[in-house]
Amino acid sequence: MAPRITRLALFGILVAGCGGDDGETVTPDAPPVQEDAPTGCDPATVLPSNYRPIAMTSAGAVSVSSASDVTSGTIDATAGGLANAPDNPYVYVDLVAGAKVAISDLDARSSTGWDLALKRASLRVNGGDSGMGKRTLAVVQAATLAEVTAGPASGYTSDDFTTDDCMFVAHPAGEPMSAFGPWYDYDDQTHVVTPKAEVYVVERDDGTRSAFRIETYYGDTGNPMRGAYYQVEWKQLPAR
Amino acid sequence: MIRGLACTLVLVAASPADAARPVLAGEATFGVANGAFLVHYATTGGDAAPAADLDGDAIPDFVTEVAEVVEDALPRFAALGFRAPLSDGALGGDGRIDIYLRDLAIADGNTGIDQCTGTHCVGYIVAENDFAGFSYPTVGEGIRSVAPHELFHLIQHAYAAEQSPTWTEGSAVWSVEHLYGDGNADFERFLPTFLSKTFRPFERPATGFGDGYPYGAALWPYFLEQRFGAAAVVAAWTACETMPFADTIDDAAWIEFTRWNQFAGTPASSGGYPAAASFPRAPREPTIDPTIDPASATIYVEGLSARYVPLALATAQQVEIDSGPIAVAAWIVPTGGSLDAGIELAPAAGSPALVATVGPGDHTLVVTGLGRNTLAAAVTITLGEPPVSSDDSGSCQASPDACFGLVGFLMLVVVRRRGYRPATRAASS
């Protein structure tokens with residue numbers, strides 16, 4: 001087995017511990033339980049503290065502009081920095097409106113108004129365990145957005161970070177398992193996060209689709225070492 | 001899935017002899033005579049230990065110090081009642097506990113696992129080879145902070161591997177504090193990372209990079225030791241063989257812990273921690289002052305947590321808390337008061353709310369979350385005139401301070417009785 005880093009938490013090694021998690025579970029806002037969750041298990045209640053729903057709206061900006069059919073810009077998902085991120089919310093994005101959705105993590109659970117949520121290296125899509133938006137996502141191997149002119153016919157999945165017995169499922173670095181999959185490569189010597197050559201196609205319940213690409217995790221030109229400041233681009237695709 | 005797997009570790013076939021263990025350039029080893037540890041160190045390359053050998057025994061002084069620190073720590077942990085690390089057989093060359101010194105990049109120590117049977121695991125220690133580039137005030141403090149910490153992880157593996165980092169790291173930092181007290185500042189360095197986040201749900205595991213909270217969570221076992229004795233920490237680890245850490249936390253102990261934390265950063269005579277005055281203060285919510293603000297406020301409470309709400313009262317007030325779906329305990333202590341001066345909010349007749357009447361002055365309301373993996377819930381705090389409904393209450397109305405004293409006395413009894421319940425669920429199991 002690989003060594004476990006146990007001092008000064010190394011990226012991704014400190015995964016969730018054991019837990020029954022079935023005691024005194026309550027849902028104060030009473031959103032419907034997500035469709036693939038077993039009865040009585042709210043996926044949000046099994047999230048580790050770093051990704052638990054926060055009762056506030058993100059201060060992170062979504063700064064984008066559109067040219068031709070492509071929307072591009074930055075999404076500030078820094079969430080207060082590494083040390084404060086556990087207590088700051090995701091930033092929510094509507095890919096059709098091309099704008100941030102000002103909504104708390106708690107309210108996002110029952111909202112259909114957002115497509116993607118970002119917080120540090122955690123990316124989620126509004127469906128499955130993440131929300132009631134019935135979005136699914138397909139991962140397309142493509143280095144540029146232009147390469148993707150239509151969504152694939154199949155391969156769409158939704159976020160699924162709980163097991164049937166209410167256990168948390170994480171990506172290798174500890175983020176909740178989402179339809180994005182392990183979207184980046186991590187260099188454990190330089191600690192640099194590099195997005196894979198992938199384009200993500202979001203499909204909505206009405207059949208509309210958007211293609212989303214991450215150019216870099218370090219999109220703050222004034223501070224190029226600042227992670228979780230995404231440079232992104234997206235466009236609308238033909239509907240299903 | 002990771003979580004599920006972590007909780008259902010099965011016997012893993014023994015790997016080829018120490019195949020995964022570090023390989024050091026020009027490896028040499030050292031162990032004290034009749035000792036329990038074998039320190040592996042490189043004699044060349046980037047992993048090499050500092051060569052200084054002032055005592056001329058042909059062993060680098062750094063290596064000798066590492067060995068002496070862990071040889072001192074192990075029997076002291078055993079004296080508290082902790083198990084020894086499980087034997088690794090002949091891995092590493094013999095049956096001694098192996099410590100490999102390496103030039104580590106960001107973390108300064110880790111434990112490796114060779115194999116597990118159920119929740120019990122066998123492993124080894126990797127520790128920084130020279131502490132160059134780390135911020136410890138001395139190399140010796142680096143050794144004393146890291147080597148026993150990693151040893152304690154091996155001890156944990158004799159009970160239950162893969163518990164929440166909040167417990168594994170927290171109790172490892174506590175173990176160093178137990179050994180050295182004021183002679184080492186590791187505990188104090190991490191303390192702000194917990195005391196600045198008292199609103200976080202303690203029972204939820206932490207993941208990720210850059211968050212010191214699990215280390216600062218050493219305050220919980222520190223509290224257990226101060227309040228109930230180190231046996232409570234041993235008992236909690238024993239209980240982890242059959243339950244997750246969060247289930248070892250007793251509500252009454254948690255309530256008392258959050259009230260001790262109210263006194264962090266105040267004179268030591270006020271609260272339970274001997275060194276409370278040197279601790280950072282827990283964060284405060286905005287002050288509720290009914291003379292200038294609406295006499296109500298909403299705070300969010302989740303899981304096992306605490307919120308500290310200052311109250312500025314010109315007159316006696318009835319304080320009422322409606323916590324909705326989450327279970328809470330609430331307690332009010334006057335500014336400058338001590339643990340014994342607090343007033344417990346009690347269930348109101350015919351209402352789910354908790355209420356108490358307090359006299360004028362500055363106070364802090366401590367709202368303790370008692371949920372487990374709950375979502376953040378809005379808790380409403382409402383201040384109002386004390387009720388007038390009987391002769392007794394009429395006299396209180398006329399003399400709020402006298403009423404405060406009577407209520408305070410009754411509540412003190414409640415608090416003390418609660419406080420002296422058996423230590424923790426773990427301790428009684």
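The values are calculated or read from the model by the stated rules, or taken from the named source; none is laboratory data. On a predicted model such as this, the values are computed, not experimentally measured, just so you know. Using ideal geometry, Cβ is built from the backbone for each residue, glycine included, and neighbour counts are taken over all protein chains shown.
Just to check your reading of the model, which residue among B:Thr168, B:Thr193 is touching a Gly at 6+ places or on another chain (Cβ under 6 Å), β-branched (Val, Ile, Thr), assigned by TED's automatic domain parsing to the domain that holds B:Gly112 and outside any loop (DSSP other than H, G, I, E, B)?
B:Thr193
A:Met56 versus (1) modelled with pLDDT under 95; (2) within 11 Å of another protein chain (Cβ to nearest Cβ): which is the lone unmet condition?
(1)
Among the residues of segment B:212-235, which ones are surrounded by 24 or more Cβ atoms within 10 Å (Cβ to Cβ) and within 10 Å of chain A (Cβ to nearest Cβ)?
Selection gives B:Tyr213, B:Pro214, B:Tyr215.
Picking from A:Thr190, A:Thr194, A:Thr162, which residue would you name as being surrounded by fewer than 16 Cβ atoms within 10 Å (Cβ to Cβ) and in contact with an Asp or Glu (Cβ under 8 Å, 6 or more places away or on another chain)? Walk me through how you get there before you give the answer.
Values: A:Thr190 fails: in contact with an Asp or Glu (Cβ under 8 Å, 6 or more places away or on another chain); A:Thr162 fails: surrounded by fewer than 16 Cβ atoms within 10 Å (Cβ to Cβ).
A:Thr194 is the lone residue from the list that is surrounded by fewer than 16 Cβ atoms within 10 Å (Cβ to Cβ) and in contact with an Asp or Glu (Cβ under 8 Å, 6 or more places away or on another chain).
Enumerate the pairs (first residue in segment B:372-384 and in the same structural domain as B:Pro325 (by TED's automatic domain parsing) and part of a strand (DSSP E or B); second residue anywhere and buried (at least 24 other Cβ atoms within 10 Å of the Cβ) and hydroxyl-bearing (Ser, Thr, Tyr)) with beta-carbon separation below 9 Å, excluding pairs fewer than 6 apart on the same chain, so at least 6 apart or on different chains.
B:Ala377/B:Ser323; B:Ala378/B:Ser323; B:Val379/B:Ser323; B:Thr380/B:Ser323
Taking B:Gln156 as the residue in question, decide whether it is in contact (Cβ under 8 Å) with a residue 12 or more places away in the chain, in a loop (DSSP other than H, G, I, E, B) and either crowded, with 24+ Cβ neighbours inside 10 Å or of a type outside the set (D, E, K, R) (or both). Can you show your working first?
Details: in contact (Cβ under 8 Å) with a residue 12 or more places away in the chain: yes; in a loop (DSSP other than H, G, I, E, B): no; either crowded, with 24+ Cβ neighbours inside 10 Å or of a type outside the set (D, E, K, R) (or both): yes.
When the stated conditions are applied, B:Gln156 does not pass them.
Which residues, taken from segment A:101-125, are within 14 Å of chain B (Cβ to nearest Cβ) and either modelled with pLDDT under 95 or assigned to a strand (DSSP E or B) (or both)?
A:Ser104, A:Lys119, A:Ser122
If B:Pro165 satisfies all but one of (1) more than 7 Å from chain A (Cβ to nearest Cβ); (2) closer than 20 Å to B:Ile249 by Cα, what's the number of the condition it fails?
(1) is the only condition that B:Pro165 fails.
Can you tell me which residue within segment B:105-146, out of those that are polar (S, T, N, Q) and touching a Pro at 6+ places or on another chain (Cβ under 9 Å), is farthest from the other protein chains (Cβ to nearest Cβ)?
The extreme case among them is B:Asn129.
Residue check, B:Ser305 against (1) at positive phi; (2) part of a strand (DSSP E or B), all met but one. Which one?
All conditions pass for B:Ser305, except number (1).
What tally of residues in segment B:240-256 results from selecting those that are of a type in the set (A, V, I, L, M, F, W, C), in contact with a helix residue (DSSP H, G or I) (Cβ under 6 Å, 6 or more places away or on another chain) and crowded, with 22+ Cβ neighbours inside 10 Å?
1
Condition (residue is under 17 Å from B:Asn373 (Cβ atoms), touching a Leu at 6+ places or on another chain (Cβ under 7 Å) and modelled with pLDDT of 95 or more) applied to segment B:219-226: is it met by at least one residue?
Checked against the condition, which is being under 17 Å from B:Asn373 (Cβ atoms), touching a Leu at 6+ places or on another chain (Cβ under 7 Å) and modelled with pLDDT of 95 or more, segment B:219-226 yields no hits at all.
If I go through segment B:238-285 residue by residue, how many of them are within 13 Å of chain A (Cβ to nearest Cβ), among the charged types (D, E, K, R) and in contact with a Phe, Trp or Tyr (Cβ under 9 Å, 6 or more places away or on another chain)?
1
Name every residue in segment B:309-353 that is within 17 Å of B:Leu370 (Cα to Cα), touching a residue at least 12 places away in the same chain (Cβ under 8 Å) and surrounded by fewer than 22 Cβ atoms within 10 Å (Cβ to Cβ), in order of residue number.
Selection gives B:Asp322, B:Gly324, B:Pro325, B:Ala327, B:Glu344, B:Ala346, B:Pro352, B:Ala353.
Could we say that A:Arg213 is out of contact with any helix residue (DSSP H, G or I) (no Cβ under 8 Å at 6 or more places or on another chain) and over 21 Å from A:Ser65 (Cβ atoms) here?
no
Please find, within segment A:91-143, the residue that is surrounded by the most Cβ atoms within 10 Å (Cβ to Cβ) out of those that are within 15 Å of A:Ile54 (Cβ to Cβ) and among the charged types (D, E, K, R).
A:Arg124
Only strands (runs of 3 or more DSSP E) wholly contained in segment A:138-240 count here; list those with 2 or more residues that are among the basic types (Lys, Arg) and farther than 30 Å from B:Ala105 by Cα.
A:209-216
Taking B:Glu150 and the conditions (1) closer than 21 Å to A:Leu82 by Cβ; (2) in a helix (DSSP H, G or I); (3) within 10 Å of another protein chain (Cβ to nearest Cβ), which numbered condition does it fall short on, given that it satisfies the others?
Every listed condition holds for B:Glu150 apart from (1).
Among the residues in segment B:223-232, are any farther than 30 Å from B:Arg259 by Cβ and among the acidic types (Asp, Glu)? Lay out the reasoning, then the answer.
The first filter runs over segment B:223-232 and keeps only residues farther than 30 Å from B:Arg259 by Cβ, leaving none.
No, every residue in segment B:223-232 fails to be farther than 30 Å from B:Arg259 by Cβ and among the acidic types (Asp, Glu).
In segment A:183-201, what count of residues is obtained for those that are away from chain B (no Cβ under 13 Å) and not aliphatic (A, V, I, L, M)?
Residues that pass the stated criteria total 8.
Taking the residues in segment B:90-108 that are closer than 14 Å to B:Tyr41 by Cα and not β-branched (Val, Ile, Thr) as candidates, determine which candidate is nearest to the chain's Cα centre (by Cα).
Step by step, filter segment B:90-108, then rank; the result is B:Leu104.
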